Each structure stands twice: as structure tokens, then as C-alpha cells.
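Structure first, commentary second.
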Amino acid sequence: MINLSLIYASFFSLLCPSTVQLIQVEGVCTHIVADCSDKHLSCPAVCKAFGSGAKLIGTNCDFYNLCTCTYDHQPYDIDLCDIGMGLCTKDCRNDCCDAKCTGQYPKSGVGLCIQDFGLDYCRCTYRRP
């Protein structure tokens with residue numbers, strides 16, 4: 001005897017293949033606040049003090065040794081979130097930086113090469129709900 005439920009399940013799985021899509025979590029806001037190479041700096045402490053009204057989700061110094069804070073939403077005392085999108089070079093200036101930023105944050109992102117913390121990097125500013 002043939003198990004029809006097994007046949008239907010197999011047929012359905014062929015028609016509807018599973019896909020994995022990475023989706024940015026709405027409400028998450030990052031902000032670059034300091035240089036991690038400062039021996040007296042505690043990135044988690046600076047991030048905790050910086051983001052009033054927002055829950056600190058995490059900190060890291062992965063982007064060129066810059067202290068980057070991640071909050072559950074945009075803190076009350078800052079207008080925009082920001083994140084680093086790589087170093088600016090002679091081949092990648094403001095137009096290139098802006099394209100990277102708007103590619104990741106199409107609704108509100110603006111990329112601009114800035115010199116800060118001893119680096120010339122692409123800073124992407126964006127707004128979160």
C-alpha cells in the first residue's frame with residue numbers, strides 16, 4: 001500500500017524549496033564612539049554611557065579598532081545611527097561610499113568619507129524607526 005501523505009509531502013517540498021534570506025533587524029542602531037587603541041578606554045562602558053534610553057545589545061572593536069556600539073533602537077540623544085563601511089581610498093571617495101551605504105540602508109542611508117580617529121573611512125549614517 002502506498003502512503004499518500006508521504007507522496008504529497010515529497011511533491012510539496014519539490015514545489016516549495018526553502019531559501020534563507022538575511023534580513024536586517026528593524027530597530028537595531030549602531031554608533032561609532034571611540035578609538036579602542038586607547039588603553040584607558042572600556043568600549044562597553046563608553047557604549048553604556050553613550051546610549052541613553054536604548055538597551056545596549058553589544059560592542060566591538062572589529063572595524064579598524066573603533067569602538068562600535070549596537071543598541072536595540074536609536075538612543076534618545078542621537079539623531080542618526082552610523083556604521084563604518086570600509087576605508088576611503090583615492091578610488092573610493094564620497095560617491096563610492098554613498099553607494100555602499102545606500103545599498104545597505106536604501107531608505108535613509110547617506111555615506112560620506114570622513115577623517116576621524118586617525119582614519120579616512122566611509123561612515124554610513126542612517127535612521128531607524
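The values are calculated or read from the model by the stated rules, or taken from the named source; none is laboratory data. Note that the structure is predicted; figures quoted are calculated from it, not measured. Cβ placement follows ideal geometry from the backbone for every residue including glycine, while neighbour counts extend to all protein chains displayed.
Quick look at the numbers
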| item | result |
| --- | --- |
| Counted residues, region 41-59 - those being within 17 Å of the chain's Cα centre (by Cα) and of a type in the set (D, E, K, R) | 1 |
| Qualifying position, being in contact (Cβ under 8 Å) with a residue 40 or more places away in the chain and closer than 15 Å to L66 by Cβ, among C88, C122, C81 | C81 |
| Candidate set from region 82-102 (those that are in a helix (DSSP H, G or I) and under 16 Å from the mean Cα position of the chain (by Cα)); member that is farthest from V33 (Cα to Cα) | A99 |
| Complete set of residues in region 37-59 that are surrounded by 14 or more Cβ atoms within 10 Å (Cβ to Cβ) and hydrophobic (A, V, I, L, M, F, W, C) | L41, C43, V46, C47, F50, A54, L56, I57 |
| Filtered residues of region 53-111 (kept if among the polar types (S, T, N, Q) and farther than 16 Å from T125 by Cα) | T59, N60, N65, T89 |
| Complete set of residues in region 60-101 that are surrounded by 16 or more Cβ atoms within 10 Å (Cβ to Cβ) and of a type in the set (A, V, I, L, M) | L66, I78, I83, M85 |
| Test: residue in region 58-81 that is assigned to a strand (DSSP E or B) and acidic (D, E) | yes |
| Filter result for I23 (out of contact with any strand residue (DSSP E or B) (no Cβ under 6 Å at 6 or more places or on another chain), assigned to a helix (DSSP H, G or I) and modelled with pLDDT under 85) | no |
| Residue list for region 119-129, restricted to those being closer than 17 Å to S37 by Cα and touching a Ser or Thr at 6+ places or on another chain (Cβ under 9 Å) | D120 |
